[in-house]
1. Are any of the residues in the stretch 60-77 at negative phi and exposed (fewer than 11 other Cβ atoms within 10 Å of the Cβ)?
2. Kindly establish whether Ala21 is assigned by TED's automatic domain parsing to the domain that holds Leu124 and of a type outside the set (Lys, Arg).
3. In the stretch 22-56, which residue that is part of a loop (DSSP other than H, G, I, E, B) and of a type outside the set (A, V, I, L, M, F, W, C) is surrounded by the most Cβ atoms within 10 Å (Cβ to Cβ)?
Amino acid sequence: MGPGPALGGRLARILRSFGYAFEGLATIVRTQPNFWVHVIAACLALVLGVVLRLSPGELALVVLSITLVLVVESVNTGIETMCDLISPAHHPLIKRAKDVSAAAVLIAAAGAVVIALLLFGPRLASLMH
């Protein structure tokens, strides 16, 4: 026999996993206002990058920065959700876990801002002079 049924089962599992990922994305979009802040900032950065004619490499750096911030925000949401399940009551270690995951978002966002300043700053400054 060939790979028929086994292949079909693997394909179904792969498709199901994509469905779960899209469910997660929909949940983040619906429930996390900070995710929207990051998405709006990302759109503005991409538009500004095109307007300022960033090179493909520079645009790739902007896209990579955006991706990092959105991924870390998503992981932060997952950690916070798990913490709420594990300990609905206040617990100092749960607070620490939430604070550290929020700090990861802050670090990623700060890095994205620095990259934006380095890429956009000189171009915007030259337009003003």
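The values are calculated or read from the model by the stated rules, or taken from the named source; none is laboratory data. A quick note: this is a predicted structure, and the numbers were derived from the prediction, not measured. Cβ atoms come from the backbone with ideal geometry, glycine included; neighbour counts cover every protein chain shown.
1. Pass one, the stretch 60-77, residues at negative phi: 60-77.
Subsequent filtering for residues that are exposed (fewer than 11 other Cβ atoms within 10 Å of the Cβ) retains none.
No - not one qualifying residue is present in the stretch 60-77.
2. Here the answer is no, as Ala21 does not meet what is asked.
3. So the residue we want is Gln32.
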